[in-house]
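The values are calculated or read from the model by the stated rules, or taken from the named source; none is laboratory data. Please read all numbers here as calculations on a predicted model, not as lab measurements. All Cβ positions, even for glycine, are placed from backbone atoms using ideal geometry, and neighbour counts span all protein chains on display. Heavy atoms of the whole protein, side chains included, go into the accessibility calculation; ligands, DNA and RNA do not. Shrake-Rupley method; radii C 1.70, N 1.55, O 1.52, S 1.80 Å.
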Amino acid sequence: MTKNLVNKQGKYGNYGGMFIPEVLVAPIKELTRAFNAIGMSKRFQEHLAEVLRHYAGRPTPLTEVKSFSQAINGPKIYLKREDLLHTGSHKINNALGQCLLAREIGKSRIIAETGAGQHGVATATACAYLGLDCVVYMGKVDIERQSPNVAKMKLLGAEVISVGSGTQILKDAINEALRDYATNFDTTHYCIGSALGPHPYPEMVRIFQSVIGNETKKQCREKFATDPDVIIACVGGGSNAIGIFSPFIAKKKVRLIGVEAGGLGDDLGQHAARFFSGKPGVLHGCCSYVLQDDAGQISETHSISAGLDYPSVGPLHASLFDQKRVLYTRVKDETAILALKLLAKTEGIIPALESAHALGYLLQQGKKFNKKDKVIVNLSGRGDKDLPQLVVRGLI
Ligand SMILES: *Cc1c(COP(=O)(O)O)cnc(C)c1O
């Protein structure tokens, strides 16, 4: 089983913590207790492993992509196929973990917030499977932009609440979800979709996503009789990356690379590369690297992939950045699109635009690797969801 990495204050070094209003203290304390007593128990983890196996489709394969590697004159490349999971990405690992835990502690109602709709769909799916009520908060603008995912959530039995306050996007939906949680926590669990938010969320999500890294480690031992040389993952809030990195953090020989959204360019507002131009700050309950202007106002961000388009990042990543344990870098929209197209053409796999950022790093740097290096790329999701956007922009 995976061990807790946070200290008693819920911090990873200087980052993380619980920056919450008084009304959230009781629910967050209850959740922390439940996660430590039940979520970390052997019985619960075995139950979750069964659900992941028989419902979500774990273990996912490790696929060697020789033609892709040849095309970029690169090293030996293997994809960890989270795209093959039910609902098409790693998000279901965490949604099932949190919803199962919530049901065990007697909650009957789950709330979530979603920007692009991916986490909303994963949560609505887990709720339908586990017999829980589901309410998803979504900004009005996002609802208009993401109608297929809204239809899916409704079909799965979730109520989708349109948030018309503020800028009508993800951050406004988060505010509404927090309000609901503070009022209704005796019946309700708030399911956060990435390794973010106040403690215990970053650690809970990390542990639920560590299944990716634990499987990868076992598969590498079987395939190569040793650990991989390099692991590359895209970093939005940071859950798929921390999931695959986790069992390798203490193994200093394994190079870990996190790829953020380089967007359109390096000016503030044009990208979502927190480790390129962010500074430590507090957003949505935790301290981490945050993209902000000189006055400390949260800045606008841009990425072609909605899943990477967020001004802050999980606090453990902030700590790993300061320690220089993980190399964080950025890949632009245009490179991610090229990588998506190349993987589709050479291997018959259409990656999510988020995952295409991790592949984009290899497009740029692959030829500099030692040809014998064994490189794992976390293919966090499949690209079907991105096709309408690529067609509209005339990119395919
Ligand atoms: C949501 C999403 C991401 C980004 O979230 P992380 O928490 O950083 O993993 C990456 N890939 C896919 C396919 C997603 O849906």
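Scanning region 218-243 for residues that are surrounded by 17 or more Cβ atoms within 10 Å (Cβ to Cβ) and more than 23 Å from Lys368 (Cα to Cα), we see that the one that is farthest from the ligand (Cβ to nearest atom) is Gln219. Scanning region 290-318 for residues that are within 12 Å of the chain's Cα centre (by Cα) and of a type in the set (D, E, K, R) yields a single hit, Asp309. Select from region 306-327 the residues that are part of a loop (DSSP other than H, G, I, E, B), open to solvent by 10 Å² or more (accessible area, probe 1.4 Å) and either in contact (Cβ under 8 Å) with a residue 40 or more places away in the chain or more than 14 Å from the ligand (Cβ to nearest atom) (or both) and list them in ascending order. Once the filter is applied, which keeps residues that are part of a loop (DSSP other than H, G, I, E, B), open to solvent by 10 Å² or more (accessible area, probe 1.4 Å) and either in contact (Cβ under 8 Å) with a residue 40 or more places away in the chain or more than 14 Å from the ligand (Cβ to nearest atom) (or both), region 306-327 yields Asp309, Tyr310, Gln323, Lys324, Arg325.
Selection of region 326-356 for residues being within 18 Å of Gly366 (Cα to Cα), under 18 Å from the mean Cα position of the chain (by Cα) and of a type in the set (D, E, K, R) yields only Arg330. Candidates Val121, Val135: the one that is crowded, with 19+ Cβ neighbours inside 10 Å, under 30 Å from Thr167 (Cβ atoms), of a type outside the set (S, T, N, Q) and away from the ligand (no atom under 13 Å from the Cβ) is Val135. Ile337 meets the conditions (1) surrounded by 24 or more Cβ atoms within 10 Å (Cβ to Cβ); (2) part of a helix (DSSP H, G or I) in every case but one. The failed one is (1).
Of everything listed in (1) of a type in the set (Val, Ile, Thr); (2) within 26 Å of His86 (Cβ to Cβ); (3) open to solvent by 10 Å² or more (accessible area, probe 1.4 Å), the single unmet condition for Ile298 is (2).
Assess whether Ser303 counts as being under 24 Å from Leu264 (Cβ atoms), within 15 Å of the ligand (Cβ to nearest atom), among the polar types (S, T, N, Q) and not in a strand (DSSP E or B). Yes; evaluated as a whole, the condition is true for this residue. Out of everything in region 66-88 that is closer than 24 Å to Glu222 by Cα and within 16 Å of the ligand (Cβ to nearest atom), what residue ends up being most open to solvent (accessible area, probe 1.4 Å)? That would be Leu84.
Conditions (1) outside any helix (DSSP H, G or I); (2) of a type outside the set (S, T, N, Q), marked per residue:
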site: Phe19; (1), (2): yes, yes
site: Pro27; (1), (2): no, yes
site: Leu31; (1), (2): no, yes
site: Gln45; (1), (2): no, no
site: Glu50; (1), (2): no, yes
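Of all the residues in region 140-183, those that are open to solvent by 80 Å² or more (accessible area, probe 1.4 Å) and assigned to a helix (DSSP H, G or I) number 10. When Ile350 is tested against the conditions (1) within 13 Å of the ligand (Cβ to nearest atom); (2) open to solvent by 30 Å² or more (accessible area, probe 1.4 Å); (3) out of contact with any strand residue (DSSP E or B) (no Cβ under 8 Å at 6 or more places or on another chain), the lone failure is (3).
Before we move on, is Ser108 open to solvent by 40 Å² or more (accessible area, probe 1.4 Å), within 16 Å of Thr188 (Cβ to Cβ), out of contact with any His (no Cβ under 6 Å at 6 or more places or on another chain) and in contact (Cβ under 8 Å) with a residue 12 or more places away in the chain? Criteria met by Ser108.
The single condition among (1) in contact (Cβ under 8 Å) with a residue 60 or more places away in the chain; (2) open to solvent by less than 50 Å² (accessible area, probe 1.4 Å); (3) more than 16 Å from the ligand (Cβ to nearest atom) that Val23 does not satisfy is (2).
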